[in-house]
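Okay, structure first, notes after.
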Amino acid sequence: MKSIWTESARIPGRNPLTGNKRTEVVVIGAGMAGILTAFYLQRHGLHVVVLEANRIGSGQTGFTTAKITSQHNLIYEKLVRTTGEETARLYGKANQLAVEEYGKLIRRYNIQCHYEQTDAYLYSVQESEVLSREAEWAARLGLPASFVRETGLPFSVHGAVRFTGQAQFHPLEFLRDISAGLTIFERTKVLKVQGHEVVTDKGVVKAEKVVFASHYPFVNFPGFYFAKMYQEKSYVLELEPVNSLKGMYLGIDERAYSFRNAGDKLLLGYGSHRTGKAPKENPFTTMKRAGEHLFPEAKEIGKWTAQDCKTLDGIPYIGPFSSLRPDWYVATGFGKWGMSSSMVAAKILSTQIVGRKTPYDEVFSPKRHHFKAAAGTLVSHGMQSVKGLSAGTVPGAVNCPHMGCRLVWNRYDKRWECPCHGSSFEINGKISAGPAQQGIPFID
Ligand SMILES: Cc1cc2nc3c(=O)[nH]c(=O)nc-3n(C[C@H](O)[C@H](O)[C@H](O)COP(=O)(O)OP(=O)(O)OC[C@H]3O[C@@H](n4cnc5c(N)ncnc54)[C@H](O)[C@@H]3O)c2cc1C
């Protein structure tokens with residue numbers, strides 16, 4: 001699969017690991033989270049080795065829409081209600097600082113990555129009440145938010161929340177430059193981690209600390225991330241030329257779209273669903289129709305899918321992996337907001353690893369329990385997992401190598417998907433997303 005980013009940036013290749021090594025920190029995964037974490041760890045003076053199964057940026061980061069924003073759908077009112085005002089304030093502050101940190105880095109290192117400051121809008125064509133409350137809460141928490149009725153969209157809206165001073169960029173051009181000074185071994189897959197030994201298919205790296213930035217952690221015990229995280233897939237259509245729309249938009253209505261421009265191209269997003277639960281209607285067909293209606297001058301020039309991890313309470317898991325493994329750390333569960341969240345993770349983990357605390361540790365701690373925020377998702381995730389596991393015992397089922405759930409064919413994305421934890425596989429059986437770490441046999 002290709003995206004606008006994978007087609008337009010070339011990141012110089014790195015050699016695989018040869019033989020055994022020793023280092024202070026191993027980071028597993030060279031996506032946005034892993035590279036930024038390694039970058040800040042190195043700035044703290046630590047010796048860091050990044051191990052990447054495939055290529056830098058070849059995971060979900062290569063297929064994002066790359067909006068850098070602290071506007072994370074309808075989140076602030078919900079967080080205030082379910083986790084309290086202070087947690088909501090710290091969540092917003094960490095992400096807003098992350099947005100600003102990208103700007104600082106890009107200017108300081110003169111990174112050419114089509115970085116543009118722009119506003120982000122959350123809109124509805126049906127209602128304004130919920131958006132007006134979201135804007136009020138976000139502003140009260142200190143974010144650059146306001147309620148508006150005018151946007152740059154080619155249709156009128158009932159209302160929108162505008163966040164000013166947000167940004168968008170080319171994520172792989174950014175990774176190419178920010179990763180340049182790091183020690184990275186590509187095509188080096190981590191098979192298991194035993195205490196301080198990271199065992200790969202090319203050799204063993206001994207490290208004092210290990211960071212799991214592999215998108216979905218592939219180690220089941222300890223941590224139990226499989227019990228507290230699922231994945232959601234979305235579909236993206238690339239249209240050209242579109243000169244009439246600039247900036248970043250996300251709809252909250254049931255059949256709403258996400259928009260962002262990339263020069264004179266438009267990325268249209270739609271069709272979010274739990275991985276393994278594709279809708280009846282083809283999301284690409286729906287988007288094509290919308291594209292033709294809204295931008296009749298434009299042609300479809302590309303399309304792709306991506307998926308991201310969703311946590312029980314909607315806040316990423318960033319911090320120590322488990323009380324049983326104090327020297328392991330994790331950054332996951334970005335809920336489709338992985339640009340700002342990767343920066344939040346990099347700042348928190350690099351600080352924790354050098355032995356200091358941040359004001360955000362508790363908010364993002366994988367050990368937290370926000371029962372009010374998590375209860376509904378915990379029940380539905382548990383039920384989905386039990387259903388998928390029991391379907392996996394039916395003779396002839398195509399099963400996921402991760403935990404044995406029955407895989408489901410997604411005919412729009414042409415992949416086998418696990419409805420339990422979201423692993424997905426190409427038609428030839430090759431793994432395309434974890435937590436599974438191996439492919440499945442080819443099924444005709
Ligand atoms: C459709 C869509 C649109 C999105 N748009 C936005 C957006 O506009 N703004 C935003 O903020 N977020 C967005 N996101 C979310 C964002 O793209 C992700 O959260 C982010 O890219 C995740 O980065 P990562 O580094 O955690 O994971 P990845 O980029 O997947 O990196 C993980 C890396 O780990 C490697 N790995 C895995 N297992 C192993 C192993 N065993 N050994 C070695 N390496 C391993 C993988 O190969 C991979 O390269 C979007 C998500 C979707 C689905």
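The values are calculated or read from the model by the stated rules, or taken from the named source; none is laboratory data. Because the structure is predicted, anything quoted here is derived from the model rather than measured. Counting neighbours? That spans all protein chains shown, and the Cβs are built from the backbone with ideal geometry, glycine included. We work out accessible area using only protein heavy atoms, side chains counted, and drop any ligands, DNA or RNA first. Shrake-Rupley method; radii C 1.70, N 1.55, O 1.52, S 1.80 Å.
May I ask you to derive the relative contact order of the stretch 271-370, considering only C-alpha pairs under 8 Å and at least 6 residues apart, and to give it as an integer percent?
23 percent
May I ask you to compute the full-extension gain from Val199 to Val394, defined as 0.36 nm times their residue separation minus their alpha-carbon distance, rounded to one decimal in nm?
Roughly 66.8 nm would be gained on extension.
With a 1.4 Å probe and every protein chain kept in, tell me what percent of the accessible surface of the stretch 372-433 is carbon plus sulfur.
Ligands and nucleic acids excluded, carbon and sulfur give 64 percent.
How large, in percent, is the carbon and sulfur part of the accessible surface of the stretch 108-251 at a probe radius of 1.4 Å?
49 percent
When only the heavy atoms of the protein chains count and the probe is 1.4 Å, how do His72, His293, His370 rank by accessible area, highest first?
Listed by decreasing accessible area, they come as His293, His370, His72.
Counting DSSP beta bridges with both partners in the chain, what percentage is antiparallel, nearest 5?
That works out to approximately 75 percent antiparallel.
Counting only the heavy atoms of the protein chains, how much of Phe259 is accessible to a 1.4 Å probe, in Å² to the nearest 10?
About 0 Å², rounded to the nearest 10.
Helix hunt in the chain: which complete DSSP H runs extend at least 27 Å axially by C-alpha with mean Kyte-Doolittle at least -1.0?
Going by DSSP H runs, the hits are 85-108, 371-391.
Could you state how much accessible area Arg356 has, in square angstrom rounded to the nearest 10, with a 1.4 Å probe and all protein chains kept in place?
About 140 Å², rounded to the nearest 10.
What span do the alpha-carbon atoms of the chain cover on each of the three principal axes, reported in whole Å from largest to smallest?
Projected onto the principal axes, the Cα atoms of the chain cover 59, 52, 45 Å.
Largest first, please: the extent of the C-alpha atoms of the stretch 229-310 along each principal axis, to the nearest Å.
Principal-axis extents of the Cα atoms in the stretch 229-310, largest first: 38, 23, 23 Å.
Once every DSSP H run of n ≥ 4 in the chain is given -39500 (n - 2.57) and the sum is divided by its residues, what mean residue ellipticity at 222 nm do you get, rounded to the nearest 500 deg cm²/dmol?
-8500 deg cm²/dmol
Could you work out the relative contact order of the stretch 5-83, using alpha carbon pairs under 8 angstrom and six or more residues apart, expressed as a whole percent?
Reported as a whole number, the value is 30 percent.
At 0.36 nm per residue, minus the direct Cα-Cα distance, what do Ser380 and Asn220 gain on full extension? Give it in nm, one decimal, please.
My answer for the length gained is 55.6 nm.
Report Asp327's accessible area, 1.4 Å probe, all protein chains in place, as a number in Å² to the nearest 10.
That residue has around 40 Å² of solvent-accessible surface.
If you average 1/r over every pair of different alpha-carbon atoms in the stretch 1-119 and take one over that average, what Kirkwood value in Å do you get?
After inverting the mean inverse Cα-Cα distance, the result is 17.0 Å.
Output ³J(HN,Hα) for the stretch 252-264: one whole-Hz value per residue in order, computed from phi by the Karplus curve 6.51 cos²θ - 1.76 cosθ + 1.60 with θ = phi - 60°, and x for Gly and Pro.
Values per residue, Gly and Pro as x: 10, 6, 4, 10, 8, 10, 10, 10, 7, 8, 9, x, 9 Hz.
Specify the residue with the greatest mean-square fluctuation among Ile353, Ile427, Ile35, computed from a Gaussian network of the chain linking alpha-carbon atoms under 10 Å apart.
Top of the fluctuation ranking is Ile427.
For Glu300, project a label point 7 Å along Cα to C-beta. Then give me every residue of the stretch 228-254 with its amide nitrogen under 11 Å of that point.
Output list for this probe position: 236-239.
Just Ile315, Ile252, Ile28 to compare: in a GNM of the chain, with alpha carbon springs under 10 Å, which one fluctuates most?
Judging by the Gaussian network model, the answer is Ile252.
Which whole-number value in Å² is the accessible area per residue of the stretch 372-433, probe 1.4 Å?
Roughly 47 Å² per residue, with all protein chains present.
What is the distance, in nm, between label points placed 7 Å from the Cα along the Cα-to-Cβ direction at Ser323 and at Glu24?
Using points 7 Å along Cα→Cβ, the separation is 2.9 nm.
Percent relative contact order of the chain, based on C-alpha pairs within less than 8 angstrom and at least six residues apart?
19 percent
Bins of 5 Å, beginning at zero and ending with the bin holding the largest distance: percent of Cα pairs per bin for the stretch 372-433, please.
4, 20, 25, 21, 16, 8, 4, 1, 0
So which residue, out of Gly319, Gly59, Gly396, gets the largest mean-square fluctuation from a GNM of the chain using Cα contacts under 10 Å as springs?
Result for the chain, Cα springs under 10 Å: Gly396 fluctuates most.
Whole-Hz Karplus ³J(HN,Hα) for the stretch 424-440, in order, using 6.51 cos²θ - 1.76 cosθ + 1.60 and θ = phi - 60°, x for Gly and Pro?
9, 9, 6, 4, 7, x, 5, 5, 10, 7, x, x, 4, 10, 9, x, 10
Just report the Cα centroid separation between the stretch 48-120 and the stretch 160-177, whole Å.
Answer, in whole Å: 8.
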